[in-house]
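First up is the structure itself, then whatever we jot down about it.
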Amino acid sequence: MSTVTLGGVIDAADVDAIASGASVALDPAALERVAANNSLLRSVIESGTRVYGVTTGYGALVSEEIGEQKQSRMQLNLLRSHACGSGDLLPPEVVRGAIAIRCHSLLQGHSGVRPELIERLALLLNSGWVPCVPSSGSLGASGDLAPSAHAFLVLVGEGRCFDPDGTERSGAEALAALGLEPLELEAKEGLALINGTHFMAAIGALCAVRAARLLAVADLAAAVTIDALRGATPAFDARVHQLRPLPGQIISASHIRAALAQSSRTADGKGERLQDAYSLRCAAQVHGSAREAVSFFERLVEVDLNAVTDNPLVFDDPPEVISAGNFHGQSLALAFDTLRIGLADLGAISERRIFRLVSPSTNGDLPAFLSPEPGHSSGYMILQYASAAMVSELRALATPVSIDNIPTSDNQEDHVSLGMTGAVMSIDTLSRLERILAYELICGCQALDLDPGRAGNLVEAVHGAVRERIPMLTDDRPPADDLAAVLSLVSGDALSSLLTDRSEGEAQ
């Protein structure tokens, strides 16, 4: 796979590539900045200046003075004491992304660490060993402390990790396999490793890539349903959407219009079928709103991918160490809440379209529940049930957490973001939305087969991709198997690439 260079500017696609196995390289100029910044921190410490987390304790223990002979040990103790996570392990992709983002942040040259620390992190990434990190335990301020402590204990030969074959091993075994001695942390290095938003940002980057893909799939799924139900196309006329020029709405209308191009099935809005139900007619408006939520989300995530989010920060002009709060994850917490709300409604309107496809009171001349023999077989009746259940779950997951707060550290840390909670909930949201959209595609393609006719260009391409994975339903079979087959199509790039490759010309 490709190599991503850290130390300049990265985006969500870079993090996604690293998470999927791409190697990393370190910008030599950035390493020089790091070395100079480390020397500066050393000189500040030697001058007798009090430095939080180096010559003082942490959190509410800031008033405790730490002598030089205990400073290195204190950094190790920080990793050990904060490795208190619990619950299911985070996916290895998230952990790789988080380590890469922390490397990238340290390379900005404001954290006071040695280049050797960052080089060790890069070596870990490129070796294929991935630390085991529990998903619960971070408040999103002071950064992702607990998950980070678990991740970086491996550097000192402790903790747990997966080897390149996916077998869980000890941190000591990992270092031995790599021919390395445990790293002895120096002043501020333990704090610089864990005090930041890199786990939230990593989940954010991976969610941004998935969400962008699902926005495209949702537009295509809506087009399949509109075509299958012989819906009216004037609702997607470009002139309509220019009168309400919300960028996301214009994009979704363009996608749906392109997908339906050359269809002989759709209505022109001049006969009896002047307009459709909202779930069809307003698809561009609702999908466009979700696009705006994702756009907001992407912007805030990308800021943190390239930010310095630990504390304190070391500046060189003039030389100064400043204690501040860039580790606070409120912006990401708000971003994740906004994402989940937007995606929950994307799932809700998809379920409404599934209902219209399967229900005999709303699906026109199609057979009840898309069964070739209604009554004798149930067809795809239960897919709407399952989708409805997941919409309920999406709505529960959309409950904001960024407005919550639980003070910690004897009220020194009296406002926390809880952004990591929102991040993990967002992973669950995306997985449910993928399933709902897969169900809509299954039902839409079944409807096209039951009522043949020339479908839109991209609709036919989607139909063909689905039929490569599952056959038309002619007799009842477990829909769970159909879901598993189509889910791989939804979660991959095959469908979204149809719009990238063809929609621009079709939309004209």
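The values are calculated or read from the model by the stated rules, or taken from the named source; none is laboratory data. It should be emphasised that the depicted structure is a prediction, and the values quoted were computed from it without experimental measurement. Glycine also receives a Cβ, built like all others from the backbone with ideal geometry; neighbour counts cover every protein chain displayed.
Here is how the numbers come out for the structure above:
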| read-out | value |
| --- | --- |
| Residue check, ARG42 farther than 21 Å from SER142 by Cβ, modelled with pLDDT under 95 and of a type in the set (D, E, K, R) | yes |
| Residue within the range 276-287 that is of a type in the set (Phe, Trp, Tyr), out of contact with any strand residue (DSSP E or B) (no Cβ under 9 Å at 6 or more places or on another chain) and closer than 30 Å to ALA455 by Cα present | yes |
| Total residues in the range 312-330, condition among the small types (Gly, Ala, Ser) and either under 15 Å from the mean Cα position of the chain (by Cα) or buried (at least 19 other Cβ atoms within 10 Å of the Cβ) (or both) | 1 |
| Subset of the range 446-472 (residues that are of a type in the set (A, V, I, L, M) and in contact with a Leu (Cβ under 7 Å, 6 or more places away or on another chain)) | ALA447, LEU450, ALA455, LEU458, VAL459, ALA461, VAL462, ALA465, VAL466 |
| Qualifying residue in the range 321-338 (condition: over 30 Å from GLN384 (Cα atoms), touching a residue at least 24 places away in the same chain (Cβ under 8 Å) and assigned to a strand (DSSP E or B)) | yes |
| Inter-residue pairs, beta-carbon under 7 Å, first without any contact (Cβ under 8 Å) to a residue 60 or more places away in the chain and under 19 Å from ALA335 (Cβ atoms) and in the range 387-401, second among the β-branched types (Val, Ile, Thr) and crowded, with 21+ Cβ neighbours inside 10 Å, 6+ apart | LEU394/THR429; LEU397/THR429 |
| Among (1) among the hydrophobic types (A, V, I, L, M, F, W, C); (2) buried (at least 20 other Cβ atoms within 10 Å of the Cβ); (3) over 28 Å from the mean Cα position of the chain (by Cα), the one test that LEU437 misses | (3) |
| Condition check for ILE427: in a helix (DSSP H, G or I), at pLDDT 95 or above and under 30 Å from VAL301 (Cβ atoms) | yes |
| Residues that are without any contact (Cβ under 8 Å) to a residue 60 or more places away in the chain and not small (Gly, Ala, Ser), drawn from the range 161-220 | CYS161, ASP163, PRO164, ASP165, THR167, GLU168, ARG169, GLU173, LEU175, LEU178, GLU181, PRO182 |
| ARG80 vs. criteria among the basic types (Lys, Arg), under 25 Å from VAL416 (Cβ atoms) and either at pLDDT 95 or above or exposed (fewer than 15 other Cβ atoms within 10 Å of the Cβ) (or both) | yes |
| Looking only at the range 227-239, and only at residues there that are free of Cβ contacts under 8 Å to residues at least 60 places away in the same chain and surrounded by 15 or more Cβ atoms within 10 Å (Cβ to Cβ), the one that is nearest to ARG213 (Cα to Cα) | PHE236 |
| Flag if VAL391 is in contact with a strand residue (DSSP E or B) (Cβ under 7 Å, 6 or more places away or on another chain) and either closer than 26 Å to ALA228 by Cα or surrounded by 15 or more Cβ atoms within 10 Å (Cβ to Cβ) (or both) | no |
| Single unsatisfied condition, TRP129 versus (1) touching a strand residue (DSSP E or B) at 6+ places or on another chain (Cβ under 7 Å); (2) surrounded by 23 or more Cβ atoms within 10 Å (Cβ to Cβ); (3) more than 27 Å from ALA29 (Cβ to Cβ) | (2) |
| Pairs with Cβ under 9 Å, 6+ apart, first in the range 349-360 and without any contact (Cβ under 8 Å) to a residue 40 or more places away in the chain and not assigned by TED's automatic domain parsing to the domain that holds ALA389, second crowded, with 24+ Cβ neighbours inside 10 Å and acidic (Asp, Glu) | none |
| Cross-chain or 6+ apart pairs with Cβ under 9 Å, the range 105-126 first and free of Cβ contacts under 8 Å to residues at least 40 places away in the same chain, then aromatic (Phe, Trp, Tyr) | LEU121/PHE152 |
| Selection within the range 90-116 - aliphatic (A, V, I, L, M) and out of contact with any Lys or Arg (no Cβ under 9 Å at 6 or more places or on another chain) | LEU90, VAL94, VAL95, ALA98, ILE99, ALA100, ILE101, LEU106 |
| In the range 348-406, the residues that are β-branched (Val, Ile, Thr) and either in a loop (DSSP other than H, G, I, E, B) or within 22 Å of HIS287 (Cα to Cα) (or both) | ILE349, ILE354, VAL358, THR362, VAL391, THR399, VAL401, ILE403, ILE406 |
| Residue list for the range 14-67, restricted to those being in contact with a helix residue (DSSP H, G or I) (Cβ under 9 Å, 6 or more places away or on another chain), among the aliphatic types (A, V, I, L, M) and either under 17 Å from ASN77 (Cα atoms) or exposed (fewer than 13 other Cβ atoms within 10 Å of the Cβ) (or both) | ALA25, VAL54, ALA60, LEU61, ILE66 |
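For (1) at pLDDT below 95; (2) buried (at least 19 other Cβ atoms within 10 Å of the Cβ); (3) aliphatic (A, V, I, L, M), each residue gets a yes or a no:
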| residue | (1), (2), (3) |
| --- | --- |
| PHE199 | no, yes, no |
| ILE203 | no, yes, yes |
| VAL217 | no, yes, yes |
| HIS255 | no, yes, no |
| CYS282 | no, no, no |
